[in-house]
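Novice: Let me begin by handing over the structure; questions about it come next.
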Amino acid sequence: MLLLFMMLLPYGYGHDRNLFEEFNGADVRNPPFPFNYSVTTDSDLLIIRCPGFDFKYKDDQVAFVQSVDARKQKIPILGNNDDKTVLKAVYNDKPESKEFEYSCGKLVGATLFTKQHLWNIRITWNTPPRHPFGAVNRNLDIDQMDYPDTCTGMMKISLVKHLDGEVKIEEYKHNETGVFRNEFIYVFNKKMIGTSMSPIVPCGIVQFYFKLPEIRAFNDTAIESMDFGINKIYVIEKDILELKLELVVNSTKHSHFYKRDSVTIISQKLTTKEEFEINKVLKVVNNEISLEYPGIFEASFKCEECEDGSEVKKLFFLKKNESADWEEPAIKFSINEGPLISPHCMILHKTYGFIDKMSFGDDEVSFRELSSTRTKGNFKLWSTYVEYTKKRGINGTLFCVYKIPGSSIRMTQPYYGYSDEDILKVNNTLFYPGDSDYESTKRLIKDAKDKADQNKR
């Protein structure tokens, strides 16, 4: 009892300054802020001691007011803000900086102080903490956490620093606390939590890795398609060409481990060899894209540390929920001479359609038939189109059927051949039956002829 009395005597009664050794021998009216500590650790995060709401500096003459940051952080395993002292997990938010200062709050007391005093704690690292802070990689998909070797033989507590917008620190409990890729788990010696008066540094840091995720369309149905060889394409039909993707692992505990990661999206275009090549890199915002036109794109995600590979890729086709068939303007010509340009189908339609078959009148051919022989009947395969080679005496409709992921579309184009007697020619301009100005032109020609005939009489 006498020993306890002698220990408390230098500090007096009615205060809790004895809970912080920095006040030992200090002037009560001029507290020695900031408290200065030097640490040797690779970690950017450590634990410090701050006063709580119940802390008394000197009777009731001085009030301690917690800072906003200190008040907002509530980690039960580190104590309660209502206690005399509370531990706070703080981190160096200045990249490559050796020095960091944290404010626990301030002392306010007009009768004792001439000014308010900020209760700041200044931490100086021996060397600046640098990412990844000496972390060791550990598999997330195990029942019991695999701690760093430097934490062997001790009771442990763990904290996680979430990096979703505003940084949030909380206790980490394996297979209970949600954690995301690129976040760190800071492991501490539990014994130090209740005894250390100085900053507590981690015994080790863990960065988890996991299995490769799957790329999925968020809240949209994607139908598998195998229209182009070995390329599996996921078709999505929407009224608006906007899409959000997500990275998901088929795991009930950690399915959203990659929630904060981004995919890379590159639009693709078909070649005449029925292969895909890069068109352009698309702008991605929060894993969302917006297309001006329907198109095929490849979504990919790289993860070199993943346990079962380094990259996942997926092809998507985003199309409008509407019919895409169309008709080209009719081609009119002299049936004796044939059209100036032969009926033909382009091999490619935009960036996502490939010719499947072509027909004119009763003649029909598939691309597969032409791909080996190059010619069949009246059809001939060129480098970029299929031509219907018969020119004279033709009259009918050209059909070009294109396969696109998940379905097909058709282009039609009528070809009308007329006798030379039915074709009107005025100043090198040809007018065909059915043209909007055909009849009026015919009357003008007749009127001009009648007038010329009258002048001859």
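Taken together, the values in this text are just the output of simple stated rules run on the coordinates, not laboratory data. All values derive from a computational prediction rather than experimental measurement. Quick reminder, even Gly has a Cβ in these numbers, built from the backbone with ideal geometry, and neighbours come from all protein chains shown.
Novice: Sketch the reach of a paramagnetic label on D325 as a point 7 Å from Cα along Cα-to-Cβ, and name the residues of the stretch 382-409 whose backbone nitrogen lies under 13 Å away.
Specialist: 399-402, 408-409
Novice: Across bins of 5 angstrom width beginning at 0, how are the C-alpha pair distances of the stretch 99-213 distributed, in whole percent?
Specialist: 2, 9, 16, 19, 19, 13, 8, 6, 4, 3, 2, 1, 0
Novice: For the stretch 398-415 and the stretch 27-67, write down the distance between their C-alpha centroids in whole Å.
Specialist: Between the Cα centres of the stretch 398-415 and the stretch 27-67 lies a distance of 76 Å.
Novice: Using each residue's phi in the stretch 242-259, evaluate 6.51 cos²θ - 1.76 cosθ + 1.60 at θ = phi - 60° and report the 3J(HN,Hα) Karplus result to the nearest Hz, with x for Gly and Pro.
Specialist: Each residue of the stretch 242-259 in turn: 10, 8, 10, 10, 9, 9, 10, 10, 6, 8, 5, 8, 10, 4, 10, 4, 9, 4 Hz.
Novice: Is it possible to state the helix-based mean residue ellipticity at 222 nm for the chain, with each DSSP H run of 4+ residues giving -39500 (n - 2.57), the sum divided by total residues, to the nearest 500 deg cm²/dmol? What is it?
Specialist: Details: 5 runs with 42 residues, N = 457.
My calculation for the chain gives -2500 deg cm²/dmol from helical runs alone.
Novice: Here is a further query. S290 versus Q116, label points 7 Å from Cα toward the beta carbon: distance in nm?
Specialist: 4.5 nm
Novice: Still on this model: Any idea what angle helix 438-456 forms with the longest principal axis of the chain, computed on alpha-carbon atoms, 0 to 90 degrees, nearest 10?
Specialist: The angle comes out near 40 degrees.
Novice: On to the next question. To make sure I understand, if each residue's beta carbon is the centre and we count other beta carbons within 10 Å, what order do V386, V160 fall in, fewest to most?
Specialist: Details: V386 20, V160 23.
In increasing order of surrounding Cβ atoms, one gets V386, V160.
Novice: Give me the compactness ratio for the stretch 326-421, meaning the Cα radius of gyration over 2.2 N^0.38 Å.
Specialist: Numbers: Rg = 13.5 Å, N = 96, 2.2 N^0.38 = 12.5 Å.
For the stretch 326-421, the normalised Cα radius of gyration is 1.08.
Novice: So if each residue of separation counts as 0.36 nm, and I subtract the Cα-Cα distance between E307 and E101, what length gain in nm does that give?
Specialist: Separation in residues times 0.36 nm, less the Cα-Cα distance, equals 70.3 nm.
Novice: Per 0.36 nm of contour for each residue apart, how much would the distance between T373 and I223 grow if the chain were fully extended, relative to their Cα-Cα spacing? Write out the running numbers ahead of the final one.
Specialist: Numbers: separation 150, 0.36 × 150 = 54.00 nm, distance 3.43 nm.
So the extension gain works out to 50.6 nm.
Novice: Enumerate the amide H contacts of I75 below 5 Å, restricted to partners 5 or more residues apart or on another chain; note that Pro and chain-start residues carry no placed amide H.
Specialist: none
Novice: Quick one: order C303, C345 by neighbouring beta-carbon count within 10 Å, fewest to most.
Specialist: On the way: C303 20, C345 26.
The most exposed by this proxy come first: C303, C345.
Novice: Here is a further query. Determine the sum of side-chain charges near I236: Lys and Arg each +1, Asp and Glu each -1, restricted to other residues whose C-beta is under 13 angstrom from that of I236. Spell out each step's value before the answer.
Specialist: Details: positive: R216, K238, K244, K314, K319, K320; negative: D220, E224, E237, D239, E242.
In short, +1.
Novice: Provide the gained length on full extension for the span A63 to D143, in nm with one decimal, where the gain is 0.36 nm per separating residue minus the Cα-Cα distance.
Specialist: Details: separation 80, 0.36 × 80 = 28.80 nm, distance 4.72 nm.
Fully extending the segment from A63 to D143 adds 24.1 nm.
Novice: Restricting things to Cα coordinates, could you compute the convex hull volume per residue of the chain in Å³?
Specialist: Values: hull volume 113.6 nm³, N = 457.
Output value, Cα hull per residue: 249 Å³.
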